[in-house]
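The values are calculated or read from the model by the stated rules, or taken from the named source; none is laboratory data. Note that this is a predicted model, so its numbers are computed, not measured. Positions of Cβ are generated from backbone atoms using ideal geometry, with glycine treated the same way; all protein chains shown enter the neighbour counts. These accessible areas exclude ligands, DNA and RNA; they are computed on the full protein's heavy atoms, side chains included. Shrake-Rupley method; radii C 1.70, N 1.55, O 1.52, S 1.80 Å.
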Amino acid sequence: MRCKLLSTAVLAMVLLNACSRPATTEQQSVDTEGSKVQAAMQEGKDYHSFANPDEIKVTHLVLDLTVDFSQKVLSGKVEVEFERVKENARHLILDTRELDIHSVSNNGQAIPFVLKAADSFLGAPLIIDLPPEIDKLTIAYTTSPKASGLQWLSPAQTAGKQQPFLFTQAQAIHARSFIPLQDSPQVRVTYEATIRTPQALLAVMSASNDPQTARDGVYEFSMPQPIPAYLIALAVGDLQFKAMGERTGVYAEPALLDAAAAEFEDTESMLIATEKMYGPYRWDRYDLLILPPSFPFGGMENPRLSFITPTVIAGDKSLVSLIAHELAHSWSGNTVTNATWRDLWLNEGFTTYLTYRIMQEVYGDERFAMESVLGQQDLQADIDSLPDNDEILAIDLRGRDPDVVFSNIPYEKGALFLKELEQKVGRANFDAFLLNYFEHFAFKSISTEEFIAYLEQTLLKEHADSLSKARIQQWIFEPGIPEGAPVAESDAFTVVDDARNAWLAGTLPAAQIDSSEWVVHQWLYFLNNMPDELSQEQLAELDGEFMLTMSKNNEIAHSWLLMAVNNWYQPAFTRLHEYLVAIGRNKLVKPLYKALSQTPEGKTFAQKAFAEAKPGYHPLTVKANEGFVQ
Ligand SMILES: [Zn+2]
């Protein structure tokens, strides 16, 4: 409806108001009741996809793509197979972002389509007019050089410096930037792919990878288990393979291969420990792919082939909980998936809980306790800084970029909730519940409400004396951490607290702190719990004694550099600059940029580092940090 100017001011105001609202049915129904409250959220509705799987559901993809490093594009075609959920459905709606769609066809016959205008977060819906009777079609397309899900690295940005590198990162809604598909976690597809690359390079995918494949520039893949779009993944580079166990191995550039295989050699033990607790691994092989340092995340749980940052290769296995985490996703997340991004906590919270348990099985109680304390401190830091609404497990993400959901809330608060359930019903009972849960929902995508309904039929019913629905609702739908939640403790940190307190009180010089037996976790706890303000003399004393500026452990270096920024300790700034330029993992660089942005001189420093680092950063790292340097 078009709006006209009316003669009376009152009528004009009324109409202007009506016209400025988006004309969705939901909004209108709220308006008619005269209420200003936001429309109720529809359970299980994916607000981050234009697709219509309730009418027509895509079930299988066949990709044939050529990797063009000179143009920074993928081009080729995808065959899309689908089922009609509603028999009379006439339109198939797919998600796309910045794709150049050349044609849509079936057996060579062109099929009409329109690509609608793009939304800034969601991309553009591709609406295809389906002829009756067909159940597949082929889309020819080319990606944009700026595709949000692809990162193209020049040889200089790799470890080997000789060959370029490409990797995808589809979570949360970036698969649509390299494949036109129903990009919603509630749609699961199987896929096959032919990937054509320069001959010297190897392509690997979240699918069947044959470690012995001939390097001929044409690689075939098949993923027989149905997966959501966000788990479709591809990487291409100068990659070599090294086996670590019967079912586990690592792909990496030659320069990193041996160090990675040594660092992660316990992967097979982790796999066996997890199977013992939560049932069989359902995905055949479990391999790791080590990416260049610009990878924006710690890891990405692409099925059969987790993508891993090289920043956790510390030389002493101190940061391998990341591998336990990505492996755990093979149960929580990849086998049982969140239906929408609001339900991400079902994925990351369960995975974080499983991570702690795997680490305890493989490395013992002390490590479990230390990692639990550090995780809880990370959670508390987010609780202290996030607005109330973003502390809710079942978060409202309507109208927002789903990438903002990745705080410690779905991870650590979700895990703490499960820890409380475990404590109340007993570990053996809770493990039995999880085993059944993974079996019951295997290869399904579920919403928060479906989880609660399942909990009510199982654990809540069996343990009505120790669990209450009100308490569960509080955990899932209210901000903060419920009073009386489990508190992690570690005896190994008591000596660290004592040393830090005595040093701060001036009664124990750094040189006399007996840290010879401290592990990385204790160092992190020592540094992370320092007061916000320290003197230059205090920082110089710590640095002189413990060589913190030069720490080769990326997590310790991170904690120390953050202290250096907050106290403007310039002797660390050459290292700080190198660190920001060399690493693109957002968890490590974002807090540093944020701290630098608090002062004019810090911002100037950050701008210089960001400008130098930007060509090597992933688009997601650029997006997350550019606000700090403007
Ligand atoms: Zn995860």
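Numbers for the structure displayed
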quantity	calculated
Selection count, the range 346-370, where residues are more than 16 Å from the ligand (Cβ to nearest atom), out of contact with any helix residue (DSSP H, G or I) (no Cβ under 6 Å at 6 or more places or on another chain) and hydrophobic (A, V, I, L, M, F, W, C)	1
Failed criterion for Val404 (all others in (1) modelled with pLDDT under 95; (2) farther than 23 Å from Gly480 by Cβ; (3) away from the ligand (no atom under 15 Å from the Cβ) hold)	(2)
Tally of residues being within 22 Å of Leu291 (Cα to Cα) and either touching a helix residue (DSSP H, G or I) at 6+ places or on another chain (Cβ under 9 Å) or not in a helix (DSSP H, G or I) (or both) across the range 612-630	13
Answer from Asp384, Asp378, Asp343 - the residue that is within 16 Å of the ligand (Cβ to nearest atom) and open to solvent by 30 Å² or more (accessible area, probe 1.4 Å)	Asp378
Unique residue being of a type in the set (Asp, Glu), farther than 17 Å from Asn52 by Cα and surrounded by 15 or more Cβ atoms within 10 Å (Cβ to Cβ) when the list is Asp68, Asp95, Asp100	Asp68
Exclusive hit being at pLDDT 95 or above and under 30 Å from Glu533 (Cβ atoms), set Ala464, Ala499, Ala470	Ala499
Unmet criterion (only one of (1) closer than 26 Å to Ala156 by Cβ; (2) surrounded by fewer than 19 Cβ atoms within 10 Å (Cβ to Cβ); (3) modelled with pLDDT of 95 or more) for Lys594	(1)
Test: residue in the range 322-337 that is at pLDDT 95 or above, touching a Gly at 6+ places or on another chain (Cβ under 7 Å) and within 19 Å of Ile173 (Cβ to Cβ)	no
All helices (runs of 4 or more DSSP H) inside the range 408-474 with 3 or more residues being within 16 Å of the ligand (Cβ to nearest atom)	414-425
Output for the range 243-264, where each listed residue is charged (D, E, K, R), under 18 Å from Gly315 (Cα atoms) and buried (at least 16 other Cβ atoms within 10 Å of the Cβ)	Glu253, Glu263
Pairs, first without any contact (Cβ under 8 Å) to a residue 40 or more places away in the chain in the range 327-349, second within 13 Å of the ligand (Cβ to nearest atom) and hydroxyl-bearing (Ser, Thr, Tyr), C-beta under 6 Å, six or more apart	His329/Thr351; Gly333/Thr351
Cβ-Cβ under 6 Å pairs, at least 6 apart or on other chains, the range 409-426 side under 18 Å from Ile383 (Cα atoms), far side modelled with pLDDT under 95 and within 16 Å of the ligand (Cβ to nearest atom)	none
Test: residue in the range 212-222 that is out of contact with any helix residue (DSSP H, G or I) (no Cβ under 8 Å at 6 or more places or on another chain), modelled with pLDDT under 95 and surrounded by 20 or more Cβ atoms within 10 Å (Cβ to Cβ)	no
Residue in the range 503-537 that is farthest from Gln377 (Cα to Cα), counting only those that are surrounded by 14 or more Cβ atoms within 10 Å (Cβ to Cβ) and without any contact (Cβ under 8 Å) to a residue 24 or more places away in the chain	Leu508
Check on Asn586, modelled with pLDDT under 95 and open to solvent by 20 Å² or more (accessible area, probe 1.4 Å)	yes
Verdict on Glu98 being at positive phi and in contact with a Lys or Arg (Cβ under 8 Å, 6 or more places away or on another chain)	yes
Helices (runs of 4 or more DSSP H) contained in the range 518-587 and holding at least 1 residues closer than 22 Å to Met370 by Cα	520-528, 536-546, 554-566
Test result for Val373, in contact (Cβ under 8 Å) with a residue 24 or more places away in the chain and more than 16 Å from the ligand (Cβ to nearest atom)	yes
Enumeration of residues in the range 47-98 that are touching a helix residue (DSSP H, G or I) at 6+ places or on another chain (Cβ under 7 Å) and either of a type outside the set (Val, Ile, Thr) or part of a loop (DSSP other than H, G, I, E, B) (or both)	His48, Asp95, Arg97, Glu98
Tally, over the range 436-466, of residues that are within 19 Å of Trp331 (Cβ to Cβ) and open to solvent by less than 70 Å² (accessible area, probe 1.4 Å)	14
The range 294-340, subset closer than 24 Å to Val622 by Cα, in a loop (DSSP other than H, G, I, E, B) and more than 15 Å from the ligand (Cβ to nearest atom), residue most open to solvent (accessible area, probe 1.4 Å)	Ile313
